Amino acid sequence: MNLITVSGPPSSGKTSVILKTIEALTRRDLKVGVVKFDCLYTDDDVLYEKAGIPVKKGLSGAMCPDHYFISNVEEVTQWGKKEGFDLLISESAGLCNRCSPYIKEIKAVCVIDNLSGVNTPKKIGPMLKSADIVVITKGDIVSQAEREVFASRVNLVNPSAVIMNINGLTGQGSFELSTLLHDEKNAVDTIVGKELRFTMPSALCSYCLGETRIGESYQMGNVRKINLENRQ
């Protein structure tokens with residue numbers, strides 16, 4: 001079984017891209033399953049069920065979605081193997097720009113949309129910089145010039161990635177993506193012992209543990225302060 005991790009900012013079109021790509025994969029008689037991770041709520045699992053795709057859903061609640069994902073990825077991998085999938089796709093929550101949801105030797109796809117602004121690629125950290133494939137969506141809404149500028153900015157941030165444009169409504173470009181996902185040489189039996197491509201966002205302060213009061217006297221643990229001193 002191949003395991004694929006798909007991540008991206010909120011509302012970038014991850015689910016639409018995955019649905020269209022699975023249509024292309026199933027035409028090759030591949031059995032595909034999905035695990036949808038989110039924070040507080042998602043009905044994306046209903047969309048997968050309507051399409052006849054086996055799906056599981058996990059909500060991180062108050063926990064960082066990256067930490068929740070990595071704490072459960074081995075369990076969902078074993079579920080996928082038990083179900084006999086050829087390909088298991090893990091879809092992340094809409095992640096912040098510092099999230100790091102990728103695993104070494106596991107193919108990573110980042111979905112980002114043209115409407116987020118031409119400077120957005122420079123603002124995104126490991127989620128974009130360490131992806132194997134970058135899918136750019138919503139290109140039908142902007143001009144050709146804007147598409148080219150945005151793609152060039154992505155390339156500057158991650159020059160080694162395969163950059164693709166996919167229309168989540170029509171599915172244009174999804175077949176090409178499907179050909180890059182399944183590779184029997186990269187089959188996995190377990191995730192145990194593998195490593196993240198980059199460290200996760202660091203925290204463990206009093207607010208992580210439930211503190212709600214504001215003020216330095218209530219702040220303990222990993223606390224980082226802004227530098228407000230005048231620079232000469």
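Per this entry, G33 is not counted among residues that are on the phi < 0 side of the Ramachandran plot, among the small types (G, A, S), within 15 Å of the chain's Cα centre (by Cα) and not in a loop (DSSP other than H, G, I, E, B).
At pLDDT 95 or above, under 23 Å from S116 (Cα atoms) and either surrounded by fewer than 22 Cβ atoms within 10 Å (Cβ to Cβ) or not polar (S, T, N, Q) (or both), is that true of L19? Here the answer is yes, as L19 does meet what is asked.
Residue count for region 191-219, restricted to those that are under 20 Å from the mean Cα position of the chain (by Cα) and among the hydroxyl-bearing types (S, T, Y): 2. For the subset of region 1-16 comprising residues that are assigned to a loop (DSSP other than H, G, I, E, B) and in contact with a helix residue (DSSP H, G or I) (Cβ under 7 Å, 6 or more places away or on another chain), which member is surrounded by the fewest Cβ atoms within 10 Å (Cβ to Cβ)? For region 1-16, the residue satisfying everything is M1. Which one is surrounded by the most Cβ atoms within 10 Å (Cβ to Cβ), of the residues in region 22-46 that are among the β-branched types (V, I, T) and farther than 18 Å from V109 by Cα? This residue is T42.
The helices (runs of 4 or more DSSP H) falling completely within region 115-205 that include 3 or more residues that are surrounded by fewer than 14 Cβ atoms within 10 Å (Cβ to Cβ) map to 144-157. Has region 57-65 got at least one residue that is among the small types (G, A, S), modelled with pLDDT under 95 and part of a helix (DSSP H, G or I)? No.
Is region 181-195 home to any residue that is of a type outside the set (G, A, S), modelled with pLDDT under 95 and closer than 27 Å to Y41 by Cα? Yes, region 181-195 contains a residue that is of a type outside the set (G, A, S), modelled with pLDDT under 95 and closer than 27 Å to Y41 by Cα. Looking at this structure, is S143 modelled with pLDDT of 95 or more, more than 26 Å from I53 (Cα to Cα) and among the hydroxyl-bearing types (S, T, Y)? In short, no.
Total residues in region 183-232 satisfying the condition of being under 30 Å from E105 (Cβ atoms) and either among the aliphatic types (A, V, I, L, M) or out of contact with any Asp or Glu (no Cβ under 8 Å at 6 or more places or on another chain) (or both): the figure is 19.
The values are calculated or read from the model by the stated rules, or taken from the named source; none is laboratory data. As the structure is a prediction and not an experimental result, all values here were calculated from the model. Neighbour counts are summed over all protein chains in view; Cβ atoms, including those assigned to glycine, are modelled from backbone coordinates with ideal geometry.
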